[in-house]
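The structure appears below as structure tokens.
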Amino acid sequence: MFPLHSFLQTLFQFVKALIGNVTKRMHRSAAVLTAGCMVISVVTFSTVGFGGSGRNALAAYNQVHPGDEDELEDDPGAAVFGEALVNDLLEQGVDAEAFADAAVAASSEEASADGRIGLDESGLFAEAKSREISAGGQIGQTVIGGVLEQDTRAKLESGRAIRERVGQAQKEARMQQVADAAERAAEEVRKKEEEARREALRIPYTEEDYQVMLKIVQAEAGGCDEKGKILVANVVMNRVRSSKFPNSIKSVVYERSQFSPVIDGSINRVKVSAETIECVNRALDGEDYSQGALFFMNRRASQSGNVSWFDGRLTYLFQHEAHEFFK
């Protein structure tokens, strides 16, 4: 304990002699310096000096400055720094103000260094962020470009599909137009052929011929359908055109032993229906289903001799309802 006390007294006298003729500012600096040296000395002697008595010195100092023991023990760097500072003061005799200025400069330089480090770190951070943003921008541009490319490709494909559908629709429309035109042309041909055929089947007739035709059709086929009525009129007209029979309707109908209604006189007692009139008009206009037939008979209503003559002398064509047609 004594060596520490003597050292502190010696240190105090040295500092007092060193700063005896200085200003108040220098006194304050000296006081600060003295206190700092005391602390440094305590730390130094407690860690590297006086052997086992260092702990006792530190305990004594702790009585004067309670609560500082842990702080001093926990900061070995402060001890090294304090020892180096005392050595410089003893060897070079540096005055307190220069020391204070140097401390301030060192503190300022440290702060500046910290600032530079901060700025450097900030610069690196900013650069990193800039690169990140740039990379993000490039990624965003790439994504946007990809989306735009896909959208453009989709639009092109959609437009191509639309053009193909339109082209196909136009092609189908043209084909349909051609088909319709061909159908119309074919229909025109059919109409002309039918008109020519009907024209060839028409025969000249008078009003008297017309009335006779109405009566014979009603008498022979009054109970038949429209086709049956037209077939009877067709047979009469075929005979008019044939060189084997007379050349008028009346003459054909009233030829001897040809039509049973004429034979029995029922031709004069019939009442012509509207349907019969329509069917006769259609037959006279050229509607024909007869296949050139010149004869017809009702097998069940005909005499056996007549049936035998039909079967033995004529060519059978077809049957419609009760009538069989021959040529």
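The values are calculated or read from the model by the stated rules, or taken from the named source; none is laboratory data. Owing to the predicted nature of the structure, the values given are computational and were not obtained by experimental measurement. Positions of Cβ are generated from backbone atoms using ideal geometry, with glycine treated the same way; all protein chains shown enter the neighbour counts. Heads up: the accessible areas ignore ligands, DNA and RNA and are worked out on the full protein's heavy atoms, side chains in. Shrake-Rupley method; radii C 1.70, N 1.55, O 1.52, S 1.80 Å.
Estimate the FRET efficiency between Ala274 and Gln168 by the formula 1/(1 + (r/R0)^6), using the beta-carbon distance for r and 45 Å for R0, to the nearest 0.05.
Using R0 = 45 Å, I get an efficiency of 0.25.
Which sequence of Lys229, Lys250, Lys327 reflects their accessible areas, 1.4 Å probe, from the largest down? Show your work: numbers first, answer last.
Values: Lys229 5, Lys250 80, Lys327 115 Å².
The residues order as Lys327, Lys250, Lys229, largest area first.
Assign one of three labels to the stretch 252-296, namely rounded, prolate or oblate, based on the Cα gyration tensor with a ≥ b ≥ c the square roots of its eigenvalues; rounded applies when a/c is under 1.5, prolate when it is not and a/b is larger than b/c, and oblate otherwise.
Verdict is oblate for the stretch 252-296.
Principal axis extents for the stretch 203-248, Cα atoms only, whole Å, descending order, please.
30, 21, 13
Using the Karplus curve 6.51 cos²θ - 1.76 cosθ + 1.60 with θ = phi - 60°, work out ³J(HN,Hα) for each residue of the stretch 220-234 in order, rounded to whole Hz, and write x for Gly and Pro.
Working through the residues one at a time gives 7, 9, x, x, 8, 6, 4, 5, x, 5, 5, 4, 4, 5, 4 Hz.
Normalized C-alpha radius of gyration of the stretch 215-296, against 2.2 N^0.38 Å?
Cα-based Rg divided by the globular estimate yields 1.00.
Can you work out ³J(HN,Hα) from phi for every residue in the stretch 173-183, in order, using Karplus 6.51 cos²θ - 1.76 cosθ + 1.60 and θ = phi - 60°, giving whole Hz and x for Gly and Pro?
Taking θ as phi minus 60°, the curve returns 5, 5, 4, 5, 4, 4, 4, 5, 5, 5, 5 Hz for the stretch 173-183.
Taking H placed 1.01 Å from N in the peptide plane, check which residues at least 5 places from Phe318 or on another chain put their amide H under 5 Å from its amide H.
Phe325
For the stretch 265-280, in order, what is each residue's ³J(HN,Hα) by Karplus, 6.51 cos²θ - 1.76 cosθ + 1.60 with θ = phi - 60°, in whole Hz (x at glycine and Pro)?
Each residue of the stretch 265-280 in turn: x, 5, 4, 8, 9, 6, 10, 6, 8, 5, 5, 5, 4, 4, 5, 4 Hz.
What do you reckon, how do Lys244, Lys192, Lys215 stack up by accessible area (1.4 Å probe), largest on top?
If we order Lys244, Lys192, Lys215 from most to least accessible, we get Lys244, Lys192, Lys215.
Multiply the residue gap between Ser266 and Gln211 by 0.36 nm, knock off their C-alpha separation, and tell me the result in nm, one decimal place.
Working: separation 55, 0.36 × 55 = 19.80 nm, distance 1.47 nm.
So the chain would gain 18.3 nm between Ser266 and Gln211.
In the full protein assembly as shown, how much of Arg282 is accessible to a 1.4 Å probe, in Å² to the nearest 10?
Rounded to the nearest 10, the figure is 70 Å².
Please compute the length gained on full extension between Glu195 and Gln303, using 0.36 nm multiplied by the number of residues separating them and subtracting their Cα-Cα distance.
Once the chain is fully extended between Glu195 and Gln303, it gains 34.9 nm.
Placing +1 at every Lys and Arg Cβ and -1 at every Asp and Glu Cβ, with all other atoms neutral, what dipole size does the stretch 201-300 have around its Cα centre, in debye to the nearest 20?
Using Cβ point charges on Lys, Arg, Asp and Glu, the stretch 201-300 gives about 380 debye.
Expressed in nm to one decimal, what extension gain is obtained for the pair Ala181 and Arg202 from 0.36 nm per residue of sequence separation less their Cα-Cα distance?
Here the answer is 4.5 nm.
Can you flag which of Lys229/Lys327; Lys171/Lys192; Lys191/Lys327; Lys192/Lys215 are past 20 Å Cα-Cα?
Details: Lys229/Lys327 18 Å; Lys171/Lys192 31 Å; Lys191/Lys327 28 Å; Lys192/Lys215 32 Å.
From Lys229/Lys327; Lys171/Lys192; Lys191/Lys327; Lys192/Lys215, over 20 Å: Lys171/Lys192; Lys191/Lys327; Lys192/Lys215.
If I model a spin label at Glu149 and Ser242 as a point 7 Å from the Cα along the Cα→Cβ vector, what separation in nanometres do I get?
9.0
Compactness ratio of the stretch 261-327: Cα Rg over 2.2 N^0.38 Å, N = residue count? Walk me through the numbers on the way to the answer.
Numbers: Rg = 14.0 Å, N = 67, 2.2 N^0.38 = 10.9 Å.
Normalised Cα radius of gyration, the stretch 261-327: 1.29.
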